[in-house]
Every structure is written in C-alpha cells, then in structure tokens.
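*Asks:* The structure follows.
The values are calculated or read from the model by the stated rules, or taken from the named source; none is laboratory data. What you are looking at is a predicted structure, and each value in this text was computed from that prediction instead of being measured. Please note: Cβ atoms are built from the backbone with ideal geometry, for glycine as well, and neighbour counts cover all protein chains shown. Ligands, DNA and RNA are excluded from the accessible area calculation, which covers all protein heavy atoms including side chains. Shrake-Rupley method; radii C 1.70, N 1.55, O 1.52, S 1.80 Å.
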Amino acid sequence: MRLGLLTGGGDCPGLNAVIRAITRKAESRFDDEVIGFYDSWDGVVEQRFTELTKTSVRGLLPRGGTILGTRRGSPLDSPHGVERVQAAMSELRIDALVVIGGNGSLTVASILHQKYGIPVVGIPKTIDNDVVGTDATFGFQTAVQIATDAIDRLHTTAESHDRVMVVEVMGRDAGWIALHAGIAGGATAIVIPEVRFDIDELAGVVSRRHAGGRYASVVVVAEGALPVADTLVVPQRKCDQYGHELLGDIAHLVAPELSSRTGYESRVVQLGHIQRGGTPSAYDRVLATRFGLAAVDAVHDGAFGEMVVLRCGKIERESMTVAQGKTRLVDLDLFNDVAATFFG
Ligand code: F6P
C-alpha cells in the first residue's frame, strides 16, 4: 500500500515519534510506501510531500515538534479544497491517509471520510488532552511535567517575596493541564474553563492561606478560564487567520484583581508555547509509538473513519465521529474534591 501522513493543528511532543513508528512498521512489516505531507492539509492540497523511509526517520524518537510541519486550517474552508484532496489521493496513488491531529483535524478527517469517502485513519494528539473517545492524547503528559517543573520553581521565589504568582497554562476549552499540573505542583488554587471563577472567592482562598502563616501562593489558571458573569470584564479577543481566538490575557486580568483584594503583590507567568516545545517524556514517546503501530494495522484492516485510542491501558479503535466537534472535559468530581480539600 501507499500511505500518506499529515500532522495537523498545534504541534506537540511525540509527533515525530508517531511518524517514525508508522514509517518503520509500514515499511518493514508490510512493505508499504509512506509519504509525509508538509504543513498539514496545505501539503495535501498543494501536493507538497516527502518520501518517508526507515532511514529518513532515524533519530526522530526524542525530537520535539514535527518534521512535516503543521498548520491550522482545512480543505473544507476553501471552494475546491476537497476536490484537490481527492486529486492528490488519486494522482499520488495514496491508498490511505493517516491524520495525526487534535479535535479540529480529526473533525475534518471524519467529515472527509463520511461525506467524501476518503480513506482516513486518525491518531489523537494534543497537549490539551481534550479529544473525546480516548483516555489520553500524547503530548499532554510532557506539557504537565513542564508546567509542574515551572510551578515548583515559582514556589521558592513567591515565598521569598510573599507574592502571589498567577501561572497561566494552555487549555482553551478544557483545564486538563491546569488541573494536573496544579495538583502535582501543590497549587493554592486552580482555575479551569469548565467552571467559571469567582474572583472574590479566589481572593478569599489566597487571604486565608496567608493569614494562616503560609506564604507563596501559586494560582494556576487555564488560558480559557472565564469569570462569573458580570464580575470582571474580559477584553474583546482577536482571532488568528483561521478564526481561532487568541487567548493569553486571563492571568493578566486575575493577578491585579487578586492584589487589590488581598493586598499581596502578584506577578504573572505565562508558560505559553514552552509547554508544547522540546523533547517528549518517556510516557509520550511510548504512547505515540503505540498509536503509530496500531494505526498501520487499522489501515491494513481497512478501518477507515476510525481513530486509534487509549482505553483502560489498551489501544483500541473508535469511530472519529465520536470526537467530531466535541471537547473532552476534566473530571469535575476530581476538581471539586481537590478544591474542597486543598483550597482552604
Ligand atoms: O494545541 C492546542 C493549543 O495548545 C491550545 O491550548 C492553545 O490555545 C493553542 O494551541 C495555541 O496555539 P497557537 O498559538 O499555536 O495557535
């Protein structure tokens, strides 16, 4: 067979590991040919690609980012996009397309399969960990470790100055990184998109903590968090060229409000794209490799329209329609239990 691969959406640690696993298995176990499209769907539509071989993927396992490049955007957004995908599939003799993406790319892949019959297999990835149908996406665990390391470091400087550090992490619609890094880093409070925050309550948590003789508050805020209606005014946000809202202002809104309510100085730390960069953790290398190996089997079984997923420790398959247009939110029981126990 001849397989095409693409990486879509925001990059994450583990993408190169999955490219390597697919290429190695497809070539050595099935004698397949593999091509990698550059820059996500742009590369398919414009027929820009590279041949992937066991030799060309050598050394990729620990490398961050994606050697193929990635973009947001989709062939569904342009008038002849789908026709051009179909043309690429037949002109380049592609038997199956493996789409490695988050919610956006998997939704596009699912529509291309359902509506246009394009043979696609999906692999869920994203540091946000918010794809419905899988217990985890690769990239998440690395991002949580990076955020936890940062929180650990912030504790000591916050302590020295008796300050409140407001740490903003990624998480547009779901607070997975905030919740997990906040728990691991012993945060004073965690603010997630799933639960609107009350700034007075948050200030109360910080004040009580300091009054009890504890210094150094580290408040972890997911970038997509929002205040309770009619409490704070969130400035109008701009969008990027794909209509994606540009976030990154919430910590700057929260920090001065906490200072004015508590009297403690605050500082903002935005971890931003550091969470997505660099080498994947061992866990993410293994998960990416398992997904890649299983995706090649899915292609050979003709399981088009499906994605490989992690469920109770095992790799299984699930229809991409379950992820289409949805977001997997955090476990609110865990969030509430943590809040009730640790956020005095
Ligand atoms: O990959 C998803 C994500 O990490 C979101 O949490 C974040 O809002 C977004 O990417 C930012 O991506 P970019 O700045 O690359 O568009």
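*Asks:* Taking segment 236-263 as the region of interest, how many residues are open to solvent by less than 40 Å² (accessible area, probe 1.4 Å) and either hydroxyl-bearing (Ser, Thr, Tyr) or outside any loop (DSSP other than H, G, I, E, B) (or both)?
*Replies:* 8
*Asks:* Kindly indicate whether residue 214 is more than 16 Å from the ligand (Cβ to nearest atom), open to solvent by 60 Å² or more (accessible area, probe 1.4 Å) and assigned to a helix (DSSP H, G or I). Please lay out each step first, then the result.
*Replies:* Numbers: more than 16 Å from the ligand (Cβ to nearest atom): yes; open to solvent by 60 Å² or more (accessible area, probe 1.4 Å): yes; assigned to a helix (DSSP H, G or I): no.
No; evaluated as a whole, the condition is false for this residue.
*Asks:* Can you name the residue in segment 44-90 that is of a type in the set (S, T, N, Q) and free of Cβ contacts under 8 Å to residues at least 24 places away in the same chain and, of all such residues, is farthest from residue 118 (Cα to Cα)? Write out each step before concluding.
*Replies:* Residues of segment 44-90 that are of a type in the set (S, T, N, Q), as a first pass: 47, 50, 53, 55-56, 66, 70, 74, 78, 86, 90.
Keeping just the survivors that are free of Cβ contacts under 8 Å to residues at least 24 places away in the same chain gives 50, 55, 90.
Working: 50: 21, 55: 29, 90: 11 Å.
Across segment 44-90, the extreme among qualifying residues is 55.
*Asks:* I need a count of the residues in segment 274-306 that are within 16 Å of the chain's Cα centre (by Cα) and open to solvent by 10 Å² or more (accessible area, probe 1.4 Å). Walk me through how you get there before you give the answer.
*Replies:* Residues of segment 274-306 that are within 16 Å of the chain's Cα centre (by Cα), as a first pass: 274-281, 283-285, 287-288, 291.
So of that shortlist, the ones also open to solvent by 10 Å² or more (accessible area, probe 1.4 Å) come out as 274, 276-279, 281, 283, 285.
Of the residues in segment 274-306, 8 are within 16 Å of the chain's Cα centre (by Cα) and open to solvent by 10 Å² or more (accessible area, probe 1.4 Å).
*Asks:* Then there's this: Tell me, please, whether a residue that is in contact (Cβ under 8 Å) with a residue 24 or more places away in the chain, among the basic types (Lys, Arg) and open to solvent by 10 Å² or more (accessible area, probe 1.4 Å) can be found in segment 167-181.
*Replies:* Applying the first criterion (in contact (Cβ under 8 Å) with a residue 24 or more places away in the chain) to segment 167-181 yields 167-181.
Subsequent filtering for residues that are among the basic types (Lys, Arg) retains 172.
After this cut, where a residue has to be open to solvent by 10 Å² or more (accessible area, probe 1.4 Å) as well, the list is 172.
Scanning segment 167-181 turns up at least one residue that is in contact (Cβ under 8 Å) with a residue 24 or more places away in the chain, among the basic types (Lys, Arg) and open to solvent by 10 Å² or more (accessible area, probe 1.4 Å).
*Asks:* Something else now. Looking at segment 166-180, which of its residues are within 13 Å of residue 338 (Cβ to Cβ), within 11 Å of the ligand (Cβ to nearest atom) and hydrophobic (A, V, I, L, M, F, W, C)? Talk me through it step by step, then tell me what you get.
*Replies:* If we filter segment 166-180 for residues that are within 13 Å of residue 338 (Cβ to Cβ), which is where we start, we get 175, 178-180.
If we keep only those that are within 11 Å of the ligand (Cβ to nearest atom) as well, we get 175, 178.
The one that is within 13 Å of residue 338 (Cβ to Cβ), within 11 Å of the ligand (Cβ to nearest atom) and hydrophobic (A, V, I, L, M, F, W, C): 178.
*Asks:* Please verify whether segment 129-148 includes one or more residues that are out of contact with any helix residue (DSSP H, G or I) (no Cβ under 6 Å at 6 or more places or on another chain) and free of Cβ contacts under 8 Å to residues at least 24 places away in the same chain.
*Replies:* Among the residues of segment 129-148, not one is out of contact with any helix residue (DSSP H, G or I) (no Cβ under 6 Å at 6 or more places or on another chain) and free of Cβ contacts under 8 Å to residues at least 24 places away in the same chain, which makes the answer no.
*Asks:* Which residue out of 330, 299 is within 30 Å of residue 209 (Cβ to Cβ) and among the aliphatic types (A, V, I, L, M)? Let's see the steps before the verdict.
*Replies:* Numbers: 299 fails: within 30 Å of residue 209 (Cβ to Cβ).
Matching residue, one of 330, 299: 330.
*Asks:* Are any residues in segment 274-314 over 13 Å from residue 123 (Cα atoms), within 16 Å of the ligand (Cβ to nearest atom) and of a type in the set (A, V, I, L, M), and if so, which ones?
*Replies:* 274
For every residue, the table says whether it meets (1) within 17 Å of residue 7 (Cβ to Cβ); (2) within 15 Å of the ligand (Cβ to nearest atom); (3) aliphatic (A, V, I, L, M); (4) assigned to a loop (DSSP other than H, G, I, E, B).
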position	(1), (2), (3), (4)
84	no, no, no, no
90	no, no, no, no
97	yes, no, yes, no
100	yes, yes, yes, no
107	yes, yes, no, no
111	no, no, yes, no
114	no, no, no, no
127	yes, yes, yes, yes
131	yes, yes, yes, yes
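*Asks:* Output the number of residues of segment 78-116 satisfying the condition of being among the hydroxyl-bearing types (Ser, Thr, Tyr) and open to solvent by less than 20 Å² (accessible area, probe 1.4 Å). Lay out the reasoning, then the answer.
*Replies:* Let us first name the residues in segment 78-116 that are among the hydroxyl-bearing types (Ser, Thr, Tyr), namely 78, 90, 105, 107, 110, 116.
From what's left, open to solvent by less than 20 Å² (accessible area, probe 1.4 Å): 105, 110.
Number satisfying all stated conditions: 2.
*Asks:* Sort through 271, 247 and tell me the only one that's under 29 Å from residue 211 (Cα atoms), within 11 Å of the ligand (Cβ to nearest atom) and of a type in the set (A, V, I, L, M). Even if it seems obvious, please write down each step before you answer.
*Replies:* On the way: 247 fails: under 29 Å from residue 211 (Cα atoms).
From the options 271, 247, the qualifying one is 271.
*Asks:* For residue 309, are the conditions met, namely being within 26 Å of residue 32 (Cβ to Cβ), open to solvent by 50 Å² or more (accessible area, probe 1.4 Å) and either outside any strand (DSSP E or B) or in contact with a strand residue (DSSP E or B) (Cβ under 8 Å, 6 or more places away or on another chain) (or both)?
*Replies:* On the way: within 26 Å of residue 32 (Cβ to Cβ): yes; open to solvent by 50 Å² or more (accessible area, probe 1.4 Å): no; either outside any strand (DSSP E or B) or in contact with a strand residue (DSSP E or B) (Cβ under 8 Å, 6 or more places away or on another chain) (or both): yes.
In short, no.
*Asks:* Continuing with the same structure: Enumerate the pairs (first residue in segment 250-276 and under 19 Å from residue 228 (Cβ atoms) and in contact (Cβ under 8 Å) with a residue 60 or more places away in the chain; second residue anywhere and within 16 Å of the ligand (Cβ to nearest atom) and outside any helix (DSSP H, G or I)) with beta-carbon separation below 7 Å, excluding pairs fewer than 6 apart on the same chain, so at least 6 apart or on different chains.
*Replies:* What qualifies is 250/168; 250/221; 250/223; 250/225; 251/168; 251/221; 251/270; 254/221.
*Asks:* Sort out which residues of segment 150-165 are open to solvent by 10 Å² or more (accessible area, probe 1.4 Å), part of a helix (DSSP H, G or I) and away from the ligand (no atom under 16 Å from the Cβ), and write them in order of number.
*Replies:* Our first condition is that a residue be open to solvent by 10 Å² or more (accessible area, probe 1.4 Å); within segment 150-165, this holds for 150, 152-157, 159-163, 165.
Pick out the ones that are also part of a helix (DSSP H, G or I) and you get 150, 152-157, 159-161.
152, 153, 154, 155, 156, 157, 159, 160, 161, listed by residue number.
*Asks:* Can you pull out every residue in segment 26-52 that is assigned to a helix (DSSP H, G or I) and either open to solvent by 10 Å² or more (accessible area, probe 1.4 Å) or hydrophobic (A, V, I, L, M, F, W, C) (or both)? Step through it out loud before you land on a result.
*Replies:* Residues of segment 26-52 assigned to a helix (DSSP H, G or I): 26-30, 41-45.
Passing the criteria: 26, 27, 28, 29, 30, 41, 42, 44, 45.
*Asks:* Among the residues of segment 285-307, is there at least one that is under 24 Å from residue 155 (Cβ atoms) and either of a type in the set (Asp, Glu) or touching a residue at least 40 places away in the same chain (Cβ under 8 Å) (or both)?
*Replies:* Within segment 285-307, the subset under 24 Å from residue 155 (Cβ atoms) is none.
For segment 285-307, residues under 24 Å from residue 155 (Cβ atoms) and either of a type in the set (Asp, Glu) or touching a residue at least 40 places away in the same chain (Cβ under 8 Å) (or both): absent.
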